[in-house]
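Worksheet: one structure, shown below.
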Amino acid sequence: MQFVHASTRFPAIGPVPDPGSDPGVVAAWWNGLSPFDRTVLLTEYPERVGSLDGVPSEVRDLANRALLGIERERLEAVALQLQEELENNVFGGLVSNADAGLAQTLNKLDALDAIDRTLALDDRRLLALDMSGREAMAAVAVGDIDTADHIAVYTPGAGSTVQGNLHGYDQQVSALRDEARRELGRVDRGSETVAAVTWMNYQAPHFGWGLAFTERSPVSDLSATLAAPRLATFLDGLDASRPDSPPHVTAIGHSYGALVTSLALQQGAEADKAVFAGAAGSVPPTSAHSEWRPDRCSSSRQMKTHRRHRDLRRRPQSSSGPDPSFQRCGRRFFG
């Protein structure tokens, strides 16, 4: 897919920020656009708007939903082309990558199906859609993150895929939101609102054949290193899109996702609290500018994990770093 710079066809709009731009700059740019310019960008260049942290979630949702149809049409054409190539080649995929390409393309189409299924549920917003990697990437919110008083952002770990896990994770995140609302009501704060996000906007590493490739291996921190700036920008965007009423943000990372979350917070990402679940190997945020305190960080280890690794207290170190429960990280255990 070829993208034409918006200012080429509509000079009044000017340059559009690139993905990964400072969310504060993005928010100021978006707020400075006229209603007409915003409409032009949404209808003509949804791929440029849906990926920008700092743009209101309602706008990103509209852009990314439009992009869903565009990507489905593109991927179906690619799949058809690759299928024809395989059928017309007596050696099949032995002398080309057509078979692997077809499998990857079909996985992405399955991912679009999973996103559609999730968005069919009530009160969902598609905050990110990126099909540029080997696996589809996405982020889905339940609740309105533009107005919620509290927002939880959940980053899953190794082996996660949009096609295989998004719907299930969304159900768990939705249940977490419901529980948070019940707890707020229990302490006479029922008027406060809650939203939650399943953030799968990174290339999660995989076991099996993934172990043979550094960038795909869960025993390497490369995937986390690449993902952390993306998550940091997303977290910063939650505040930047609503500077007059910033939400209380809790960043939750599970397993390898805890490492991603930890690295994002070390880079100064905006979050009020963090929860690391099944998180041996995640280094707690200790950078000078992050101002993290022990009471803002909780570590969770499942009982079965504790039993299987009884020597953790003697060797609080993994291939990805120390267990955060041995650092100044609150040391609260759940389960």
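Using the Cα gyration tensor of the stretch 116-192, with a ≥ b ≥ c the square roots of its eigenvalues, what is the shape: rounded (a/c below 1.5), prolate (a/b larger than b/c) or oblate (neither)?
Note, shape of the stretch 116-192 comes out prolate.
Given points 7 Å out from each Cα along the Cα-Cβ axis, report the Asp123 to Asn89 separation in nanometres with one decimal.
Rounded to a tenth, the inter-label distance reads 4.9 nm.
Taking the number of other C-beta atoms within 10 Å as the exposure measure, put Thr147, Thr198 in order starting with the fewest.
Placing the least packed residue first, the sequence is Thr147, Thr198.
Given the Cα-Cα distance of Leu226 and Ala100 and 0.36 nm per residue of separation, how much length would full extension add, in nm? Before the final figure, lay out the partial values.
Numbers: separation 126, 0.36 × 126 = 45.36 nm, distance 2.39 nm.
Full-extension gain reported as 43.0 nm.
Could you check the spin-label model distance between Glu183 and Leu33? Points 7 Å from the Cα along Cα→Cβ, value in nm.
Distance between the two pseudo-spin positions: 3.7 nm.
Could you sort the peptides 68-78, 168-178 by per-residue average Cβ neighbour count (10 Å cutoff), highest mean leading?
168-178, 68-78
Among Leu222, Leu126, Ala139, whose Cα projects farthest towards the positive end of the dipole of the stretch 107-229, with charges put on the beta-carbon of Lys, Arg (+1) and Asp, Glu (-1)?
Towards the positive end, the residue furthest out is Leu222.
Within the stretch 115-131, which residues have the backbone N less than 17 Å from the label spot 7 Å out from Thr147 along Cα→beta-carbon, could you tell me?
122-126
Once the Cβ-Cβ distance between Ser191 and Ala77 is put in as r, and R0 is 41 Å, what FRET efficiency do you end up with, to the nearest 0.05?
Between Ser191 and Ala77 the formula returns 0.25.
Read the figures in this text as sums done on the coordinates, not as results from a lab. Since the model is a prediction, treat every value here as computed from it, not as a measurement. Note that each Cβ is placed from the backbone with ideal geometry, even for glycine, and that neighbours are counted across all protein chains shown.
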